[in-house]
Structure formats: C-alpha cells, structure tokens
1. Only one of 24, 28, 104 is of a type in the set (Lys, Arg) and within 27 Å of residue 165 (Cα to Cα). Can you tell me which?
2. If a residue must be of a type in the set (A, V, I, L, M, F, W, C) and either under 17 Å from residue 142 (Cβ atoms) or touching a Ser or Thr at 6+ places or on another chain (Cβ under 8 Å) (or both), how many such residues does region 84-114 contain?
3. Name every residue in region 59-74 that is of a type outside the set (Asp, Glu), surrounded by fewer than 19 Cβ atoms within 10 Å (Cβ to Cβ) and in contact with a strand residue (DSSP E or B) (Cβ under 7 Å, 6 or more places away or on another chain), in order of residue number.
4. Among the residues of region 124-183, write down those that are aromatic (Phe, Trp, Tyr) and surrounded by fewer than 18 Cβ atoms within 10 Å (Cβ to Cβ).
5. Select from region 24-58 the residues that are of a type in the set (Phe, Trp, Tyr) and more than 12 Å from residue 176 (Cα to Cα) and write down the one among them that is surrounded by the fewest Cβ atoms within 10 Å (Cβ to Cβ).
6. Assuming residue 31 fulfils every condition listed in (1) over 17 Å from the mean Cα position of the chain (by Cα); (2) farther than 24 Å from residue 155 by Cβ apart from one, which condition is it?
7. Hey, among 18, 61, which residue is touching a residue at least 60 places away in the same chain (Cβ under 8 Å) and touching an Asp or Glu at 6+ places or on another chain (Cβ under 9 Å)?
Amino acid sequence: MSKTESITTIQQLVDELDQVKDEKGYKKLVKRLEIPLDEYEPYAHFSKEHYTRNCIARNKDYELILLCWEKGQETPVHCHNNQECWVYVVKGEFDEQRFVESEKPSEEIEVEAEMQLEEDEVSYMNDDMGYHSLANINDGKSMSLHLYMNPIDECNVFNEEIGEFERKELEYFSYKGKLLQKV
C-alpha cells in the first residue's frame, strides 16, 4: 500500500496507527484522512447535556477519540497533559481559542489566538503552545476526531468560577461504539 494513499475507513486508520510510533508519522496520517461520515456512525453518540468523548481505539502509544457536539457545546480551557494532539473536523464548524498564562496579576490566562475550523481541517496542539478550548459554532451537531500521541487520563481544566486550574479525570461516553454512560 502506498503511504500517500487516502485513509477511507476507521479500520484502515486504526491499522495504520498501530504501526506509527512518532509525531511525524501521526501528522502524516491525519493529513490523509478522507473517511466518509457513515464510517463514524457506530461511534457517534451525543448528549444534550455536554459534548461526548467516544473512544474508537486506544493503546499505550495513542488514543483516538470522536467528540460529538450538540449546538453550542464547548470544552473548558484545558491542557493535554504533555501529549501531542491533532483535531480533525469530521462534521460542522468549531471555534478554537488558544490561551497562555497572563502577565496581568488579575488574570490567570488570556486569549492568545482564535480561529475557526471547518470540515476536513486539522488543528494541532501541545502544552508548549499553552491551553485551548473548542466550541461547536455549527448550526446543529458537529463531530471532531482527536488523536493523542499517548492516552490522556487526566488534564488541567480552568475553573472560571474560581479563576484557577483544577486536575480533572477524563471519562469516555462510549468505548469502541458501546455506551458506558446513560444518554
């Protein structure tokens, strides 16, 4: 198989991810994604209360998660626990804000950049770049595919009420298509 061939199924993506061991390889894979929407259906679980984290595949080297978003849902500002992260927009449109620690004594963080992400676009983030948040700005449901170079079980999340970061354990809504939480 040619290394420049498009990736057109979830299984093909997982098979190739199992062979990759470095940042350069993950970056190349994400650029080859051309997976039709119906391939994501077994993993696409939504909740009216919050966006959902649906694990497609995970091993010691990577974690592949489909995030499913209702209109207006967003993440808090968060880090990636020192892991590399690629976000591929499967469906919809997102607003991504990037934050850095503020030099102002009255603020913990401040917005450094903001961008809109549309279908088939990729964003990259790591902790050296600061923190970020994503928001579904589509006029309906959206989905984003997140590839982490190593699994992330917890991360720092900014609590706006107290103006500080807190450690948060991360949970899946579903694992390999099977619901783990009540809808």
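Just so you know, all these numbers are worked out from the coordinates, no wet-lab data involved. Just so it is clear, the structure is predicted and the values come from calculations on it, not from any experiment. With ideal geometry, Cβ positions are generated from the backbone for all residues, glycine too; neighbour counts draw on all protein chains shown.
1. After ruling out the rest, the residue left standing is 104.
2. Within region 84-114, residues that are of a type in the set (A, V, I, L, M, F, W, C) and either under 17 Å from residue 142 (Cβ atoms) or touching a Ser or Thr at 6+ places or on another chain (Cβ under 8 Å) (or both) number 7.
3. Answer for region 59-74, where residues must be of a type outside the set (Asp, Glu), surrounded by fewer than 19 Cβ atoms within 10 Å (Cβ to Cβ) and in contact with a strand residue (DSSP E or B) (Cβ under 7 Å, 6 or more places away or on another chain): 71, 72.
4. Of everything in region 124-183, those that are aromatic (Phe, Trp, Tyr) and surrounded by fewer than 18 Cβ atoms within 10 Å (Cβ to Cβ) turn out to be 124, 175.
5. Here the answer is 46.
6. Status for residue 31: all satisfied but (1).
7. 61
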